[in-house]
Amino acid sequence: MKISRRDVLKFTTTLTAALFATQSNASDTKDNMRPAKKTNLAPIQKIKGPRVVVVGGGWSGLSVAKYTKLFAPLADVVLVEQKEIFISCPLSNQWLIDKVDLEFLTHDYLKAARNHNYTYFHATATGVDKENSILHTSEGDIPYDYLVLAPGIEYDYSYWTDDIVLENRLRQEYPAAFRPGSEHMTLKEKIKNFKGGTFLMTVPGGNYRCLPAPYERACLVADYFKQKKLKAKIILLDENNDITIKEHGFHTAIDELYKDYIVLESSAAIESIDLDKKIVKTEFDEYRFDDASFYPHVRGGKLLEIAGVAKDSVYNRLEGDIDVETYEVHGHPNIYISGDARPMGFSKSGNTSLTEGQNVARRIAAKINRQPKPQWTTPITICVSAVSAYPQRGIFIHSEYAYDKEKQRFSFATPVTNEIWKGETGIKNAKMIEGWAKSCYQEFFGK
Ligand SMILES: Cc1cc2nc3c(=O)[nH]c(=O)nc-3n(C[C@H](O)[C@H](O)[C@H](O)COP(=O)(O)OP(=O)(O)OC[C@H]3O[C@@H](n4cnc5c(N)ncnc54)[C@H](O)[C@@H]3O)c2cc1C
């Protein structure tokens, strides 16, 4: 029999169609095929089980990813993070003055994912299709069953200025260094190169990231200048009426250790900033500076606004629009917001985010495992701050939270503090700092 060219074409077309049909029946294989060019699916393998996508590999997201997989082993957990490497904010004040090295602060996302059996996906989340449960990212779309947004904070310069040029100059020339990375490097260089004069720092109002950190930073940098015998003064312009946490410990350290180095100005809300003349004005005074780091108010990470899940809270603008008991986004109970982007008045700190991440994971796992809804559990704030570096002396707070029905807010419940930095107590307190950080890194990344 003669086989024509047309017959060959017909045969191959039928064969191709048959092959496609076989492939589309094998759903496991299909799910894991590299997506055809037309679709914009992210190239992530799909394993069986409901998919939980966590955006943000910070203190909260790392905890949610680890514990969701632990509590619901069948879940397909994907952590989406825009950075390739984790850098810790806690202990970065020590790094600024060379008390710990960068290696101590930096960690490996791939190791975290391998050790805890989830997928790390390096991409920036760019939007959320809430109706169809799809996360859009710079590297493609990710369908989800549950989504956790843990993008941390953004700076909110709007309390100081609506001039974009000034805002950009503040961001670039005088960064706050309350988000890890280049800002910290710039600040470290400023501190190292400072030849004397006035170094200005600020403490914002609202519920800002890490209440004690600006006071800790002022103390440590003052100690560093003191060791270098620099003729230097740190002016700490504090928008709040008083030191916001561990007041006794910080006040006594500033008064007794840094009398000649730190000027603390409370109730000092900034009214104008002139970067050319290097002058800052408050309602009552004006301050000249030689160098500075401006820490503005904070708000929730930009992604919340892009995704349409941001709302002004009692404390800050544009934080997570969630049910404060369940962490579920209003109207979208399969989306959660966790970490510093939350609207509750918890301390915006690492330990709070870590323990809260466990609570959020427990809630998602209960839904996946079809278990009863868990009771509300308090996050736990543990925070040890250094007040000096030579020698290292510290003060600490440990607190849980309770809901005040009358005020309709959470506040500290049964806080335990040790604000004695003098003598052996202060040295012992300081020893906890590195130990605490190491145990948290081990939680997230494994050994
Ligand atoms: C100087 C300093 C000292 C501190 N000291 C302490 C301390 O001693 N103890 C303590 O408990 N806490 C401390 N903190 C506070 C602690 O660092 C924060 O509270 C904690 O990091 C909050 O965790 P988070 O997960 O909410 O945010 P983050 O840790 O900031 O993580 C957010 C993550 O989301 C990612 N992300 C954001 N948007 C996107 C997007 N669109 N797509 C993908 N990824 C995205 C970011 O890259 C980031 O990795 C300190 C903070 C600072 C700045």
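The values are calculated or read from the model by the stated rules, or taken from the named source; none is laboratory data. Because the structure is a prediction, the values reported are computed rather than measured. Cβ atoms come from the backbone with ideal geometry, glycine included; neighbour counts cover every protein chain shown.
To keep it simple, each residue is scored yes or no on (1) part of a strand (DSSP E or B); (2) touching a Lys or Arg at 6+ places or on another chain (Cβ under 9 Å); (3) farther than 19 Å from residue 349 by Cα.
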residue: 240; (1), (2), (3): no, no, no
residue: 245; (1), (2), (3): no, no, no
residue: 253; (1), (2), (3): no, yes, yes
residue: 260; (1), (2), (3): no, yes, yes
residue: 264; (1), (2), (3): yes, no, yes
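Residue 215 - would you say it is within 30 Å of residue 306 (Cβ to Cβ) and buried (at least 16 other Cβ atoms within 10 Å of the Cβ)? Judged against the criteria, residue 215 is not a match. Residues in the range 363-372 that are surrounded by fewer than 24 Cβ atoms within 10 Å (Cβ to Cβ) and either under 30 Å from residue 227 (Cβ atoms) or touching a helix residue (DSSP H, G or I) at 6+ places or on another chain (Cβ under 6 Å) (or both): 365 alone. The residue list 352, 377, 326 contains one member that is surrounded by 20 or more Cβ atoms within 10 Å (Cβ to Cβ) and touching a helix residue (DSSP H, G or I) at 6+ places or on another chain (Cβ under 9 Å), which is 352. One residue stands out among those in the range 432-447 that are touching a helix residue (DSSP H, G or I) at 6+ places or on another chain (Cβ under 9 Å), part of a helix (DSSP H, G or I) and not aromatic (Phe, Trp, Tyr): the one that is surrounded by the most Cβ atoms within 10 Å (Cβ to Cβ), which is 433. Of all residue pairs spaced 6 or more apart or on separate chains, those with beta-carbon atoms under 7 Å, a first member in the range 202-214 that is more than 19 Å from residue 271 (Cα to Cα) and among the hydrophobic types (A, V, I, L, M, F, W, C) and a second member that is part of a loop (DSSP other than H, G, I, E, B) and within 11 Å of the ligand (Cβ to nearest atom) are 210/349; 211/347.
Against the condition modelled with pLDDT of 95 or more, of a type in the set (S, T, N, Q) and farther than 17 Å from residue 145 by Cα, how does residue 63 come out, does it pass? Answer is yes for this residue.
In the set (1) touching a residue at least 24 places away in the same chain (Cβ under 8 Å); (2) away from the ligand (no atom under 12 Å from the Cβ), residue 186 fails one condition alone, (1).
Within the range 249-281, the only residue that satisfies the criterion of being more than 18 Å from residue 170 (Cβ to Cβ), loosely packed, with under 13 Cβ neighbours inside 10 Å and not acidic (Asp, Glu) is 259. Number of residues in the range 308-323 that are in contact with a helix residue (DSSP H, G or I) (Cβ under 9 Å, 6 or more places away or on another chain) and buried (at least 18 other Cβ atoms within 10 Å of the Cβ): the value is 7. Taking residue 158, is it within 16 Å of the ligand (Cβ to nearest atom), modelled with pLDDT of 95 or more and surrounded by fewer than 17 Cβ atoms within 10 Å (Cβ to Cβ)? No, not satisfied.
For residue 164, state whether it is under 26 Å from residue 226 (Cα atoms) and either aliphatic (A, V, I, L, M) or away from the ligand (no atom under 16 Å from the Cβ) (or both). No; evaluated as a whole, the condition is false for this residue.
Yes or no: residue 66 of a type in the set (Lys, Arg), part of a helix (DSSP H, G or I) and within 16 Å of the ligand (Cβ to nearest atom)? Yes.
In the range 105-116, the qualifying residues are those that are under 18 Å from the mean Cα position of the chain (by Cα) and either assigned to a helix (DSSP H, G or I) or in contact (Cβ under 8 Å) with a residue 24 or more places away in the chain (or both), and the one that is surrounded by the fewest Cβ atoms within 10 Å (Cβ to Cβ) is 108. Considering (1) within 16 Å of the ligand (Cβ to nearest atom); (2) of a type outside the set (Gly, Ala, Ser); (3) surrounded by 15 or more Cβ atoms within 10 Å (Cβ to Cβ), the lone condition that residue 102 does not fulfil carries the number (3).
For the range 117-135, the tally of residues that are without any contact (Cβ under 8 Å) to a residue 12 or more places away in the chain and under 13 Å from residue 54 (Cα atoms) stands at 1.
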